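The values are calculated or read from the model by the stated rules, or taken from the named source; none is laboratory data. If you're wondering where the values come from, they're calculated on a predicted model, not measured in any experiment. Positions of Cβ are generated from backbone atoms using ideal geometry, with glycine treated the same way; all protein chains shown enter the neighbour counts.
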Amino acid sequence: MRQIIGSGVITPLLTPIHQNESVNYEEMKVLIDYVIAGGVDAIFIMGSTGEFARFDENIRSEIISRCIQMVAGRVLVYAGVADTGLMSVLRNVKHAEQAGADVLVVTLPYYYPIYNDDEAYSFFSSVAAATKLPIMLYNIPSTCGANISIEVIEKLFHIDNIIGIKDSSGDLNRIHQLLKQFKNRGKNFAVTVGDESLCYEGLKAGADGIVPSLANPYPKLLSELYRSAMKKDEARLNELCHIMNDMNRLNRYSSAWMSPNVWRKKALAHLGICSEYCTKPYVAIDSQVDQEIIKTIELYHTMYA
């Protein structure tokens, strides 16, 4: 049975690259097989975790196409089509459609922040009108400079192929508001949690899914975490969220936005899945942090890799 769109563990896939920043497709296949074997429900290609904004349009399209071929229908594939303006997004939509994506994931245009609700509604409704594929809104104000307002989501809710929202605002009150306003209204509109620190509260409150980058090195952990929420095993959910939060102390090894990506790739390198290279610039991991990563692997790998 195909996974319900917006539910489960949707892994925002890291993009393995060579030292010269060309894409390492051999390692990408290994990573895809690894996370699917770990029990995740879907893969999200070319999101923030995938470093999409540092690849040009042609490379992004190739990554999406090649990944879809590698997944080969085993799980749903969400394709990120974000860009700086409508026409660029529509080109990305067309490429993702041709590649065979199951779901499109769309942020507000970035660089020029969209603060005006009419402008935001016009943008998203235009994207929806240009495709028959399901669309998941993606709220990430840290990179887009603005939230997708609740008022805009209310208007977009009535467009048939807009089927949910991934919220990475880090605002628990907003998650609760989304769940209160858009669940159980006669339409399958998914609310998924994009901020790992809110997984416990979000799932406990009824969120449909999670989009955790930690599912790259630890797919089994996140899969079990989600299943415990579905079984309403609050004690186990709490335990696993504590483990995840313990791992994510490594996010703070630097103040750089890329830090979570960097240490996750380092962990995957230690696990023999893919190389540690990231697109530049980023703050490299020193030997002390590397030892902490190794300790985390030694502590949790047998159970949760």
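Odds and ends about this structure:
- Any hit, the stretch 166-182, residues being touching a Phe, Trp or Tyr at 6+ places or on another chain (Cβ under 7 Å), farther than 19 Å from Ser48 by Cβ and either touching a residue at least 24 places away in the same chain (Cβ under 8 Å) or not polar (S, T, N, Q) (or both): yes
- The number of residues in the stretch 265-280 being in a loop (DSSP other than H, G, I, E, B) and surrounded by 18 or more Cβ atoms within 10 Å (Cβ to Cβ) comes to 5.
- As a summary of the residue check, Ser122 satisfies the conditions (1) free of Cβ contacts under 8 Å to residues at least 24 places away in the same chain; (2) part of a strand (DSSP E or B) except for the one numbered (2).
- Qualifying residue in the stretch 64-84 (condition: among the aromatic types (Phe, Trp, Tyr) and without any contact (Cβ under 8 Å) to a residue 60 or more places away in the chain): no
- Selection of the stretch 197-217 for residues being under 15 Å from Tyr34 (Cα atoms), part of a helix (DSSP H, G or I) and among the polar types (S, T, N, Q) yields only Ser213.
- Evaluation of Val191 against (1) in a helix (DSSP H, G or I); (2) of a type in the set (A, V, I, L, M); (3) farther than 22 Å from Asn248 by Cα (one fails), failing number: (1)
- Taking the listed residues Val262, Val283, Val289, the one that is more than 16 Å from Asn216 (Cα to Cα), outside any loop (DSSP other than H, G, I, E, B), without any contact (Cβ under 8 Å) to a residue 60 or more places away in the chain and not acidic (Asp, Glu) is Val289, with no other qualifying.
- Residues within the stretch 154-163 that are under 10 Å from Asp117 (Cβ atoms) and either of a type in the set (S, T, N, Q) or in contact with a strand residue (DSSP E or B) (Cβ under 8 Å, 6 or more places away or on another chain) (or both), tallied: 0
- The C-beta contact set for the stretch 132-146 (first residue modelled with pLDDT of 95 or more and surrounded by 15 or more Cβ atoms within 10 Å (Cβ to Cβ), second residue basic (Lys, Arg) and not in a loop (DSSP other than H, G, I, E, B), distance under 6 angstrom, 6+ apart or interchain) comprises Met136/Lys166; Tyr138/Lys166.
- Tyr277 within 18 Å of Ser22 (Cβ to Cβ), of a type outside the set (Val, Ile, Thr) and touching a strand residue (DSSP E or B) at 6+ places or on another chain (Cβ under 6 Å): yes
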